[in-house]
Amino acid sequence: MTAIDAAFRRLRASGEKGLVVYLTAGDPTPAASLRYLRAAADAGADIIEVGVPFSDPTADGPTIEAASRRALSSGMNVAGALELVRKFRGTHATPIVLFGYFNPFYRYGWSSLCKDAREAGVDGFLVVDLPFEESGEALPSIRKAGLDWIPLAAPTSGMARVRAVDRAGSGFLYLISVTGVTGVRKTLPPPVAAWTRKVAKATRLPVAVGFGISSPAMAAAATRHADAAVVGSACVKIVERNGRGSRGPAELSRFVRSLKKALR
Amino acid sequence: MAKRKGNRMPDPAGHFGSFGGRYVAETLMSALIELEKAYRKAWGDRSFHRELDGLLKSYAGRPTPLYFAGRLTEKAGGARIYIKREDLAHTGSHKINNTLGQGLLARRMGKRRVIAETGAGQHGVATATVCARMGIPCEIYMGEEDVRRQSHNVFRMRLLGARVNPVTSGSRTLKDAMNEALRDWVTNVRTTYYLIGSTAGPHPYPEMVRDFQSVIGREALPQFRKAEGKLPTAVVACVGGGSNAMGIFTSFLRYPGVRLYGVEAGGLGLSSGKHGATLSRGKVGVLHGSKSFLLQDATGQILEAHSISAGLDYPGVGPEHAWLKETGRAEYVSVTDAQALSGFSLLSLYEGIQPALESSHAVAFAYRLAKKMRSSETVLVNLSGRGDKDMGILMEMGEGGRDGD
Ligand SMILES: Cc1ncc(COP(=O)(O)O)c(C=O)c1O
């Protein structure tokens with residue numbers, strides 16, 4: 001059983017919904033980014049997705065795109081993200097998913113990447129632009145290192161694909177709430193609930209709903225039929241507003257607490 | 001009508017050897033599968049070809065002529081130089097071959113909106129043209145730098161009723177326009193057709209765009225045979241994403257005696273680091289949905305390309321070219337900004353043909369190649385487009401009347 005499996009088991013046992021927080025590694029600097037990660041974990045995030053910045057993040061909206069740019073100009077890359085996780089592991093046990101685009105991971109080399117990630121304390125990978133059809137060169141290394149490969153399902157996927165990715169992946173299923181790029185939204189359209197229920201019923205993996213969730217109320221609504229909510233851009237906006245300032249981690253901490261409270 | 005025998009490449013999952021494939025967000029997967037099915041159905045349907053061939057003839061002006069460049073040949077003093085005149089196609093470049101094909105496909109698929117990326121603006125103009133003809137609204141993404149340097153084409157697109165969205169991220173060129181078009185598509189995927197303009201992007205685009213462009217080679221081969229009674233010694237085309245090059249290469253692939261040359265943007269010179277010579281200097285990676293060579297740093301971040309020609313200013317290249325390079329079937333070379341300007345001048349002054357700056361790269365290399373060849377040998381150049389759009393850049397560069405030797 002992986003750390004991610006254990007986290008969902010614990011959540012289910014306690015009747016809570018999970019909170020997955022996304023932050024971009026190195027945003028705005030490696031040191032500040034570590035403080036934000038720790039703040040999110042201390043405030044009760046169940047799993048943290050650490051985003052490895054990429055120069056051409058085509059699945060991201062303006063908020064995470066800007067975070068990627070800040071992170072890249074602070075010198076962040078795959079090795080830096082692993083170093084960040086290693087430091088975080090010195091103090092925290094919260095499961096970490098390395099989140100990113102295929103190319104930087106590929107350049108590092110899947111086999112050494114998975115070994116180094118395991119050593120650094122990474123628990124799983126989520127590769128935005130790697131559908132399961134192309135996962136052949138990454139998946140064996142991920143499995144061999146005992147890491148999870150988090151699959152994605154989109155509103156356009158259709159149930160046959162949802163079942164296929166559910167079988168191919170492990171850890172949890174990331175259910176993309178709406179067609180589009182990442183970014184905060186004020187509301188999620190009504191079909192999301194019905195669709196989430198359908199997916200949750202048909203799959204074996206825990207389901208985490210993400211894209212657009214920006215408030216405790218939205219997180220609660222999104223998890224009515226799912227196991228967890230993913231909150232990304234709304235957290236990144238706090239980093240964007242506060243930068244390296246000491247008030248940033250405190251503000252993130254308050255926000256994460258409010259989200260988690262809505263999920264209990 | 002030419003035979004439409006299926007090409008063996010790519011495999012059913014869109015792989016050209018280890019290149020190509022479909023590296024996209026899950027949200028786009030179903031749309032790509034739907035597109036692939038629709039494309040296969042259309043390509044196997046006589047009525048689709050009847051309509052497409054009719055339009056290529058009556059609307060786009062095909063077949064384009066093959067021209068013997070006598071004075072250029074004389075000046076080079078080597079191989080005989082022939083030019084396939086894609087510059088004479090409607091809208092001024094080969095791009096119309098692909099936009100007509102995909103435009104018909106979009107209509108068959110019942111899509112109500114078309115989006116496209118453009119670099120030089122030729123693909124944008126060709127897309128806007130086809131959309132105007134079909135009465136489908138279209139939006140074009142174009143990097144702000146390209147909007148500036150190809151303003152002539154921006155004006156044309158707007159006059160054709162298209163909306164042009166300048167893109168301000170990254171290097172503000174073709175790569176960034178494609179990023180933004182992908183973001184639009186992932187958001188509006190159910191209603192929108194994404195009309196990619198080169199043999200790049202996720203499967204089935206590299207295959208489909210090649211097939212639509214392969215009309216160039218299907219015409220050029222018999223035209224050349226008729227003129228010379230044999231096949232050309234060498235075929236030369238410029239390579240941005242690679243569509244005009246695949247368009248002319250495809251018919252010649254099965255003749256191993258015909259040398260194929262793809263000419264990339266050498267920019268300020270390969271050692272300057274400011275170039276678009278992806279196949280010469282890039283490393284394997286994934287950008288915009290397929291695996292190919294890329295300009296990237298050691299940590300996998302994409303580098304900015306540089307070229308005087310917006311259409312070659314791209315850090316990626318179509319996966320089939322990566323495969324042709326790997327197998328050695330085609331050779332890839334580069335031509336600098338300055339050499340391309342010389343190519344432009346040569347063709348202007350010796351033949352009265354003003355090529356697009358993209359195509360000028362092919363001309364410059366073909367001339368250099370022809371010089372070293374025997375007079376019994378021949379070079380066929382694909383002149384992908386005309387230079388009207390580049391007058392602004394040429395004026396900025398203070399070009400005029402050099403003979404470019
Ligand atoms: C005239 C012309 N030639 C060539 C290109 C490069 O594209 P490709 O390599 O797909 O032919 C362009 C692209 O804008 C163009 O406008």
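The values are calculated or read from the model by the stated rules, or taken from the named source; none is laboratory data. Everything numeric in this text was worked out from a predicted model, so none of it was measured. Neighbour counts are summed over all protein chains in view; Cβ atoms, including those assigned to glycine, are modelled from backbone coordinates with ideal geometry.
Does B:Gly247 satisfy the criteria of being part of a helix (DSSP H, G or I), within 11 Å of the ligand (Cβ to nearest atom), away from chain A (no Cβ under 14 Å) and at pLDDT 95 or above? Yes: the conditions hold for B:Gly247. Within the stretch A:8-26, residues that are farther than 16 Å from A:Phe255 by Cβ sit with their Cβ atoms under 6 Å from residues that are basic (Lys, Arg), at 6+ positions apart or across chains, in these pairs: A:Glu16/A:Arg264. Quick check on my filter: what residues within the stretch A:158-178 are at pLDDT 95 or above, over 26 Å from A:Pro95 (Cα atoms) and within 11 Å of chain B (Cβ to nearest Cβ)? Correct list: A:Ala160, A:Arg161. Taking B:Glu264 as the residue in question, decide whether it is surrounded by fewer than 22 Cβ atoms within 10 Å (Cβ to Cβ) and modelled with pLDDT of 95 or more. When the stated conditions are applied, B:Glu264 does not pass them. Does at least one position in the stretch B:7-14 carry a residue that is surrounded by 19 or more Cβ atoms within 10 Å (Cβ to Cβ), within 14 Å of chain A (Cβ to nearest Cβ) and not in a helix (DSSP H, G or I)? Yes, the stretch B:7-14 has at least one match.
B:Tyr82 satisfies every condition listed in (1) within 20 Å of the chain's Cα centre (by Cα); (2) surrounded by fewer than 22 Cβ atoms within 10 Å (Cβ to Cβ); (3) among the aromatic types (Phe, Trp, Tyr) except (2). Could you say which residue among A:Val184, A:Val178, A:Val231 is crowded, with 21+ Cβ neighbours inside 10 Å and among the β-branched types (Val, Ile, Thr)? Result of the check over A:Val184, A:Val178, A:Val231: A:Val231.
A count restricted to the stretch B:274-308 and to residues that are touching a helix residue (DSSP H, G or I) at 6+ places or on another chain (Cβ under 9 Å) and either over 24 Å from B:Val236 (Cβ atoms) or free of Cβ contacts under 8 Å to residues at least 24 places away in the same chain (or both) stands at 20. The residue that is farthest from the other protein chains (Cβ to nearest Cβ), among those in the stretch A:82-106 that are of a type in the set (Gly, Ala, Ser) and under 17 Å from A:Asp148 (Cα atoms), is A:Ala93.
Among residues of the stretch A:69-81 being in a loop (DSSP other than H, G, I, E, B) and either modelled with pLDDT under 95 or within 11 Å of another protein chain (Cβ to nearest Cβ) (or both), the one that is surrounded by the fewest Cβ atoms within 10 Å (Cβ to Cβ) is A:Gly75.
Out of curiosity, is B:Ala89 crowded, with 21+ Cβ neighbours inside 10 Å, at pLDDT 95 or above, within 13 Å of the ligand (Cβ to nearest atom) and away from every other protein chain (no Cβ under 14 Å)? Taking the combined requirement at face value, the residue satisfies it. Residue-level check: of (1) over 16 Å from the mean Cα position of the chain (by Cα); (2) crowded, with 18+ Cβ neighbours inside 10 Å; (3) away from chain B (no Cβ under 14 Å); (4) not basic (Lys, Arg), A:Ala226 misses just (1).
If you check A:Asp129 against the conditions, is it under 18 Å from B:Gly21 (Cα atoms) and crowded, with 24+ Cβ neighbours inside 10 Å? Spelling it out, A:Asp129 is indeed under 18 Å from B:Gly21 (Cα atoms) and crowded, with 24+ Cβ neighbours inside 10 Å. Considering the stretch B:105-122, and only residues there that are in contact with a strand residue (DSSP E or B) (Cβ under 6 Å, 6 or more places away or on another chain) and either farther than 13 Å from B:Gly311 by Cα or more than 14 Å from every other protein chain (Cβ to nearest Cβ) (or both), the residue that is nearest to the ligand (Cβ to nearest atom) turns out to be B:Gln122.
Residues of the stretch B:223-242 that are within 16 Å of the ligand (Cβ to nearest atom) and assigned to a strand (DSSP E or B): B:Val235, B:Val236, B:Ala237, B:Cys238.
To keep it simple, each residue is scored yes or no on (1) more than 30 Å from B:Glu180 (Cα to Cα); (2) part of a loop (DSSP other than H, G, I, E, B); (3) at pLDDT below 95; (4) not hydroxyl-bearing (Ser, Thr, Tyr).
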{"residue": "A:Lys237", "(1), (2), (3), (4)": "no, no, no, yes"}
{"residue": "A:Arg244", "(1), (2), (3), (4)": "no, yes, no, yes"}
{"residue": "A:Leu252", "(1), (2), (3), (4)": "no, no, no, yes"}
{"residue": "A:Lys260", "(1), (2), (3), (4)": "yes, no, no, yes"}
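What is the one condition in (1) away from chain A (no Cβ under 14 Å); (2) crowded, with 21+ Cβ neighbours inside 10 Å; (3) on the phi < 0 side of the Ramachandran plot; (4) in contact with a helix residue (DSSP H, G or I) (Cβ under 7 Å, 6 or more places away or on another chain) that B:Phe48 does not satisfy? That leaves (2) as the condition not met.
Every test in (1) within 23 Å of B:Glu117 (Cβ to Cβ); (2) surrounded by fewer than 24 Cβ atoms within 10 Å (Cβ to Cβ) is passed by B:Leu253 save one, and that test is (1). Counting the residues of the stretch A:107-122 that are crowded, with 23+ Cβ neighbours inside 10 Å and away from every other protein chain (no Cβ under 14 Å) gives 3.
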